[in-house]
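A.B. asks: Input: one structure, supplied below.
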Amino acid sequence: MSYSADRLKEVFWAFSDENPNQEDAEEYAGNPEKLANFVYGDRDDLGNRGVETGDGWKYRGRGFIQLTGRVNYQNFEEFYEDEFGEDINLLDSPNQLSSDFEIATIVSLWFFEENVLDSLDDLTVETVTEIINGGGNGMDDRRSLFEQLEEIDLDC
């Protein structure tokens with residue numbers, strides 16, 4: 001979340017020169033917490049409450065899959081507690097997704113199973129990117145990596 005003003009303009013529509021309601025990128029550049037609260041706060045689709053609650057920063061992308069949003073943290077917490085019988089209190093301690101390798105791994109597999117595997121008939125680099133990332137950021141890199149993967153002979 002620590003972007004330069006120029007990079008903010010490339011990544012987020014709110015800062016784009018093409019946006020008639022363009023936000024001042026300089027105000028958010030190099031300020032990850034302020035940026036996260038702006039772009040992820042008050043987002044019903046993520047379950048995040050208003051910007052002033054700090055949910056955007058608190059529930060920013062973490063883990064290998066970059067799980068984002070209060071609702072995703074809560075849903076994973078419920079899954080984990082049901083599956084493993086342990087209370088991880090993820091809503092109060094979200095840093096576990098970046099500090100605990102086992103939980104970071106499990107959350108990535110859980111998210112993939114919950115959100116991607118139902119789309120196997122339409123599984124392309126684009127559809128998986130849309131599901132996981134919510135947009136097309138980094139699409140060229142993903143396509144290149146996927147093409148490299150296709151060239152690997154996996155016959156063992």
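A.B. asks: Could you give the radius of gyration (one decimal) and Dmax (whole number) of the Cα atoms in the chain, in Å?
C.D. replies: Spelled out, the Cα radius of gyration and Dmax of the chain are 17.4, 55 Å.
A.B. asks: Quick check: residue separation of Glu52 and Gln74 times 0.36 nm, minus the Cα distance between them. What number comes out in nm? Show your work: numbers first, answer last.
C.D. replies: On the way: separation 22, 0.36 × 22 = 7.92 nm, distance 1.97 nm.
That works out to 5.9 nm of additional length.
A.B. asks: I need the calculated FRET efficiency for the pair Leu117 and Glu147, taking r as the beta carbon distance and R₀ as 22 Å, to the nearest 0.05.
C.D. replies: Details: r = 22 Å, r/R0 = 1.02.
Approximately 0.45, to the nearest 0.05.
A.B. asks: What residues of the stretch 44-74 lie in the reach of a label at Asn21, counting those whose backbone N is under 20 Å from a point 7 Å from the Cα along Cα→Cβ?
C.D. replies: Flagged as within label range: 44-53, 56.
A.B. asks: Projected onto the charge dipole of the chain (+1 at Lys/Arg Cβ, -1 at Asp/Glu Cβ, origin at the Cα centre), which of Gly138, Ala104, Gly50 gives the Cα projection farthest towards the positive end?
C.D. replies: Ranked along the dipole, the leading option is Gly50.
A.B. asks: So how compact is the stretch 3-81: Cα radius of gyration and Dmax in angstrom?
C.D. replies: Over the stretch 3-81's Cα set, Rg and Dmax evaluate to 13.7, 46 Å.
A.B. asks: Take the Cα of Asp100, step 7 Å along the line toward its Cβ, and report every residue of the stretch 66-89 whose backbone nitrogen sits under 17 Å from that point.
C.D. replies: Answer for the stretch 66-89: 66-68, 72-89.
A.B. asks: Once neighbouring chains are kept in place and the probe is 1.4 Å, which whole percent of the accessible area of the stretch 7-120 is contributed by carbon and sulfur? All intermediate terms of the calculation are to be shown ahead of the outcome.
C.D. replies: Working: 2730 of 6470 Å².
Reported share for carbon and sulfur atoms: 42 percent.
A.B. asks: Would you compute, from DSSP H runs of 4+ residues alone, the mean residue ellipticity of the chain at 222 nm, taking -39500 (n - 2.57) per run and dividing by the full residue count, rounded to the nearest 500?
C.D. replies: Details: 9 runs with 79 residues, N = 156.
Counting only the DSSP helices, I get -14000 deg cm²/dmol.
A.B. asks: May I ask you to compute the full-extension gain from Ala5 to Met139, defined as 0.36 nm times their residue separation minus their alpha-carbon distance, rounded to one decimal in nm?
C.D. replies: 46.1 nm
A.B. asks: Using only the alpha carbons of the stretch 64-103, what is the convex hull's orientation-averaged projected area in square nanometres?
C.D. replies: On the way: hull surface 10.5 nm².
That works out to 2.6 nm².
A.B. asks: Further question: Expressed as a rounded percentage, what relative contact order does the chain have, with Cα pairs under 8 Å and six or more residues apart? Walk me through the numbers on the way to the answer.
C.D. replies: Values: 180 pairs, mean separation 19.2, N = 156.
Value for the chain: 12 percent.
The values are calculated or read from the model by the stated rules, or taken from the named source; none is laboratory data. As the structure is a computational prediction, the values presented were derived from the model and not from experiment. We place every Cβ from the backbone using ideal geometry, glycine too, and count neighbours over all the protein chains shown. Ligands, DNA and RNA are stripped out before the accessible areas are found, and what is left, the full protein with its side chains, is counted by its heavy atoms. Shrake-Rupley method; radii C 1.70, N 1.55, O 1.52, S 1.80 Å.
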